[in-house]
Amino acid sequence: MTKMAVAAAAARVWGLRRGLGQAGLLFLRRPGARGLARSHPQRQQQHFSSLDDKPQFPGASAEFIDKLEFIQPNVISGIPIYRVMDRQGQIINPSEDPHLPQEKVLKFYKSMTLLNTMDRILYESQRQGRISFYMTNYGEEGTHVGSAAAMDNTDLVFGQYREAGVLMYRDYPLELFMAQCYGNVSDMGKGRQMPVHYGCKERHFVTISSPLATQIPQAVGAAYAAKRANDNRAVICYFGEGAASEGDAHAGFNFAATLECPIIFFCRNNGYAISTPTSEQYRGDGIAARGPGYGIMSIRVDGNDVFAVYNATKEARRRAVAENQPFLIEAMTYRIGHHSTSDDSSAYRSVDEVNYWDKQDHPISRLRHYLQSRGWWDDEQEKAWRKQSRKKVMEAFEQAERKPKPNPSLLFSDVYQEMPAQLRKQQESLARHLQTYGEHYPLEHFDK
């Protein structure tokens, strides 16, 4: 098989979707990708000779060749990155402009900047010892807001731990963000989770759990349930490129494809898995290149372009529900902040590298350029909004700090419908201990 033939076969992997313009939105697909349904006709016995024989193997669809040749990993050059705006906020291809109303675009911007303000205040509060832990979202705000805006509010969200902007776009109150990070009596998790592990049943946001990638197969199960219920809902599952190296990612991708589930796998490829750069994580062409191997429609987008994220997610959501099939979106972005307050990224990357992305290609700056070019935003509005948003965050912050911690008895609730004897014994033991040695504990800070 010649190199030209290999390249031609590989080129058939590409499929063009024209729903958002001929020059723009491309989903990478495997040959023979299915639509709404797939039929499985009975194979008829046929007689061929030599290379004219048609392969009948049930595990693949291919032709015979008579030359030993391994497929090169770079048979296709890098998957292109779909974008709508350039770094100056100018629309590149008018046919790809989502033509969103001013009110909606302003909500994009205010959600992204409010998240940025909250991050700065909570990061500093951790440094001051007021909360135990925090993770910022600097540089990735566009991936959160663009994707959240494209989903229906009833669609189920499975996050990793850096998707606070999705909740913020769904109007999750600042008071509840703060309550969760402080673990006070208003925290819906009753103080049992470490900070930034948000969850909200009313906003269809499944509570974050720390173990990496466990949400991926869980999200597929939820999408399969939505398909069986025929309730016109999709599931979106967020994860980083580091989590894509976990076995749970493989299991989730394969289940979603074979069970034909209405799910969007949204990978935030921000360059680092904590301290491990992408060059040490994988040798292939990122995460989107893996999709066709599982039979999943895939696309790579500029994650710092909120409109590109919005367009890709909206189209993927529409087709996932209409056709009952999974989609993989790889959003290329950059983690400007440290991985968490437990990390010092200066140990593995340069200040110049971080400054480049912060100053030259920030999703908030790009959207602000767009707004200003339309006459929808100016310096005075920026100044007023920054002041107003900081005031809102500080008010919620101060309120959360004043509230007591949950009652210690809640340590034992919400696990069993009827508390077993062993757990009841532990609860009684704690009560006796606190009654005897209570003066050694700050019980005045706990709810009575």
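The values are calculated or read from the model by the stated rules, or taken from the named source; none is laboratory data. Fair warning: this is a prediction, and the values are worked out from it, not measured in the lab. Neighbour counts are summed over all protein chains in view; Cβ atoms, including those assigned to glycine, are modelled from backbone coordinates with ideal geometry. With ligands, DNA and RNA removed, areas are computed over all heavy atoms of the protein, side chains included. Shrake-Rupley method; radii C 1.70, N 1.55, O 1.52, S 1.80 Å.
Express in % the proportion of alpha carbon pairs of the stretch 307-423 at distances exceeding 25 Å. The calculated P(r) of the stretch 307-423 puts 63 percent of pairs beyond 25 Å. At 1.4 Å probe size, with the rest of the protein present, what percent of the exposed accessible area of the stretch 249-333 is carbon and sulfur atoms? For the stretch 249-333, the apolar C and S fraction of the accessible surface comes to 52 percent. The three principal axes of the C-alpha atoms in the stretch 194-307 carry coordinate ranges of 42, 37, 31 Å, sorted with the longest axis first. Measuring nothing but protein heavy atoms, the accessible surface of the stretch 366-448 at 1.4 Å probe radius is 50 percent carbon and sulfur. Expressed as an acute angle from 0 to 90° and rounded to the nearest 10, what is the orientation of the C-alpha long axis of helix 363-374 relative to the principal long axis of the chain? For 363-374 against the chain, the angle is about 80 degrees. Given the protein chains as shown and a 1.4 Å probe, how many square angstrom of LYS110 are accessible, to the nearest 10? Its accessible surface works out to 80 Å², give or take rounding.
Peptides 344-357, 83-96, 112-125, ordered by how many other C-beta atoms sit within 10 Å of their residues on average, highest first, read 112-125, 83-96, 344-357.
Computed about its Cα centre, the charge dipole of the stretch 337-413 is approximately 440 debye, with only Lys, Arg, Asp and Glu carrying charge at their Cβ. Apply 1/(1 + (r/R0)^6) to the Cβ-Cβ distance of LYS359 and ASP285, taking R0 = 45 Å, and write down the FRET efficiency to the nearest 0.05. Efficiency, rounded to the nearest 0.05: 0.95.
A simple spin-label model places pseudo-atoms 7 Å from Cα toward Cβ; at ASN407 and ILE71 they are separated by 6.2 nm.
Full extension of the chain segment joining GLN128 with SER350 gains 77.4 nm, where the gain is 0.36 nm per residue of separation less the Cα-Cα distance.
Local charge sum around PRO101 (other residues, Cβ-Cβ under 13 Å, Lys/Arg +1, Asp/Glu -1)? Overall, the nearby charge balance is +1. Here the spin labels are modelled as points 7 Å beyond Cα on the Cα-Cβ line, and at ASN232 and LYS448 they lie 5.2 nm apart.
Across the options LEU25, TYR198, SER340, the greatest Cα extent toward the positive end of the charge dipole of the chain (unit charges at beta carbon of Lys, Arg, Asp, Glu) belongs to LEU25.
Computed over the chain, the per-residue total of -39500 (n - 2.57) for DSSP H runs of n ≥ 4 gives a 222 nm mean residue ellipticity of -12500 deg cm²/dmol, rounded to 500.
In the full protein context, the chain carries 51 Å² of accessible surface per residue, based on a 1.4 Å probe and ignoring ligands, DNA and RNA. Across 10 Å bins from 0, what is the distribution of all Cα-Cα pair distances for the stretch 145-249, in whole percents? So the P(r) values, bin by bin, are 15, 45, 34, 6. Of the residues ASN137, GLY438, TRP377, the one whose Cα sits farthest toward the positive end of the charge dipole of the chain, with +1 on the Cβ of Lys and Arg and -1 on the Cβ of Asp and Glu, is TRP377. Fully extending the segment from GLN372 to SER61, taken as 0.36 nm per residue of separation minus the present Cα-Cα distance, adds 106.8 nm.
Give the carbon-plus-sulfur fraction of the accessible surface of the stretch 64-159 in %, rounded to a whole number; probe 1.4 Å, heavy atoms of protein chains only. If you can, show how the numbers build up before the last one.
Details: 2360 of 4540 Å².
Here carbon and sulfur together make up 52 percent of the probe-accessible area.
Taken over the chain, the ratio of Cα radius of gyration to 2.2 N^0.38 Å equals 1.12. Here LYS403 is the anchor, and the aspartates and glutamates within straight C-alpha reach of less than 15 Å, apart from those fewer than 8 places off in the same chain, are GLU175, ASP187, GLU395, GLU444, ASP447.
Order the peptides 228-238, 270-280, 411-421 from the highest to the lowest mean number of other Cβ atoms within 10 Å of their residues.
Descending packing order for the listed peptides: 228-238, 270-280, 411-421.
Helix 141-150 and the long axis of the chain differ in direction by around 70°, with both axes built from C-alpha atoms.
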